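One structure is given here, and the rest of the page talks about it.
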Amino acid sequence: MTLEIGILLALACAFATNLGFLYKHRGACAAPTVDVRHPLRAAKGLFKSKWFAIGMGVAVGAWILHVAALALAPLSVVQAVLSGGIVLLAVMAERLFGFEVGRRQRIGVLCTAVGLVALGVTLPASTGSHSHFSVTAMIAFEGGLVGLGALLIIGKRLGGPAEHHGIMLGAASGVLFGVSDIAIKALTGLAGSAGVMGLLSPWLLMAALASVAAFYASARGLQDGEAVPVIATTATAANVSCIAGGIIVFGDPLPGDALGVIVQVGAFVLVCVAAFLTPAPIRAAATAPAPA
């Protein structure tokens with residue numbers, strides 16, 4: 001029953017996360033350009049925008065749901081459910097915010113749905129929240145993600161296409177959100193075994209720093225890129241990072257037979273194809289309706 005509650009919380013989190021991102025995109029586009037050299041000024045400018053402030057409020061609620069889901073279910077299961085947020089994103093962007101979703105994006109949504117069903121069918125039966133972790137694996141994996149996020153942030157300076165800067169920042173924020181989520185998952189296990197004192201851990205600082213960096217990268221990415229591509233890239237990067245972290249760091253189970261492994265590999269391939277198809281250029285309709 002605990003696992004089922006965690007999955008339901010993850011579904012609610014997926015809906016709230018995408019709604020918050022869409023509101024934040026509208027607000028970020030109306031705010032002054034984010035300059036990380038002046039973080040307080042940039043944050044003040046963002047929160048002066050009504051829509052961005054509303055989006056952040058929704059995002060905080062989504063974060064609470066995410067933490068609760070992580071405390072009740074394995075990390076890879078939670079993130080597989082959150083991957084379905086791409087499906088919700090396409091529907092919400094079209095119905096509530098006036099974006100046109102074409103045939104290419106609908107194929108991407110279908111690939112995501114099929115991939116998630118395959119992942120759910122092949123996940124072995126699991127009990128408990130799988131919060132115990134290897135410190136060595138945690139340090140190595142989190143360090144690798146931080147390095148990848150930094151490379152994506154400075155990708156434009158390294159010669160990356162300027163027109164893809166928003167997408168790169170979206171991917172960077174997703175990877176950094178993954179760093180934070182993995183650290184939070186570790187904290188839920190430490191708190192479960194040592195109480196409140198378990199929160200006094202270096203992983204709390206890691207989660208906080210990664211969240212702050214992801215906040216600025218995400219806001220600038222939403223300003224430099226279009227809503228659906230940037231949000232989809234952010235979600236995909238975060239989900240892939242966390243699913244891999246659940247398996248590598250927390251020892252989430254893999255299928256015990258060759259067929260299960262093949263199906264899971266195929267499922268991940270479908271999710272990657274969806275990540276390629278869904279974030280195609282999508283522009284808001286000329287007379288976009290106000291969000292419900």
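Selection of region 192-212 for residues being surrounded by fewer than 16 Cβ atoms within 10 Å (Cβ to Cβ) and either assigned to a helix (DSSP H, G or I) or at pLDDT 95 or above (or both) yields Gly192, Ser193, Ala194, Gly195, Val196, Met197, Leu199, Pro202, Leu205, Ala208, Leu209, Val212. Are any of the residues in region 167-177 of a type outside the set (Lys, Arg), in contact with a Ser or Thr (Cβ under 7 Å, 6 or more places away or on another chain) and farther than 30 Å from Val91 by Cα? No, the conditions are met nowhere in region 167-177. Kindly evaluate Gly174 against the criterion of being modelled with pLDDT of 80 or more, in contact with a His (Cβ under 8 Å, 6 or more places away or on another chain) and under 19 Å from Met138 (Cα atoms). Taking the combined requirement at face value, the residue does not satisfy it. Being over 17 Å from Ala237 (Cα atoms) and either assigned to a helix (DSSP H, G or I) or within 17 Å of the chain's Cα centre (by Cα) (or both) is not true of Ala80.
Residues in region 213-235 that are part of a helix (DSSP H, G or I) and touching a Pro at 6+ places or on another chain (Cβ under 8 Å): Tyr216, Val228, Pro229, Val230, Ala232, Thr233.
Any residue that is basic (Lys, Arg), touching a residue at least 60 places away in the same chain (Cβ under 8 Å) and closer than 14 Å to Phe215 by Cα - is there at least one of those in region 44-58? Among the residues of region 44-58, not one is basic (Lys, Arg), touching a residue at least 60 places away in the same chain (Cβ under 8 Å) and closer than 14 Å to Phe215 by Cα, which makes the answer no.
When restricted to residues that are in contact (Cβ under 8 Å) with a residue 40 or more places away in the chain and out of contact with any helix residue (DSSP H, G or I) (no Cβ under 8 Å at 6 or more places or on another chain), region 245-259 contains 3. Kindly indicate whether Ala14 is at pLDDT below 90, surrounded by 13 or more Cβ atoms within 10 Å (Cβ to Cβ), closer than 21 Å to His66 by Cβ and touching a helix residue (DSSP H, G or I) at 6+ places or on another chain (Cβ under 9 Å). When the stated conditions are applied, Ala14 passes them. Taking first residues from region 88-107 that are surrounded by 13 or more Cβ atoms within 10 Å (Cβ to Cβ) and at pLDDT 80 or above and partners that are among the basic types (Lys, Arg) and part of a helix (DSSP H, G or I), the Cβ contacts under 8 Å between residues at least 6 apart in sequence or on separate chains come to Phe97/Arg26. Of all the numbered requirements in (1) more than 19 Å from Ala238 (Cα to Cα); (2) within 16 Å of the chain's Cα centre (by Cα), Arg26 misses one, and that requirement is (2). Scoring Met56 on the criteria (1) of a type outside the set (Asp, Glu); (2) part of a helix (DSSP H, G or I); (3) more than 30 Å from Thr188 (Cα to Cα) leaves a single failure, condition (3). Here is a check on your reading of the model: is Gly189 surrounded by 19 or more Cβ atoms within 10 Å (Cβ to Cβ) and either small (Gly, Ala, Ser) or in contact (Cβ under 8 Å) with a residue 12 or more places away in the chain (or both)? Against the criterion (surrounded by 19 or more Cβ atoms within 10 Å (Cβ to Cβ) and either small (Gly, Ala, Ser) or in contact (Cβ under 8 Å) with a residue 12 or more places away in the chain (or both)), Gly189 qualifies.
Please determine whether any residue of region 52-64 is surrounded by fewer than 23 Cβ atoms within 10 Å (Cβ to Cβ) and under 23 Å from Pro253 (Cβ atoms). No.
The values are calculated or read from the model by the stated rules, or taken from the named source; none is laboratory data. Source: prediction; values computed, not measured. For neighbour counting, all protein chains shown are included, and Cβ atoms are generated from backbone atoms with ideal geometry for every residue, glycine included.
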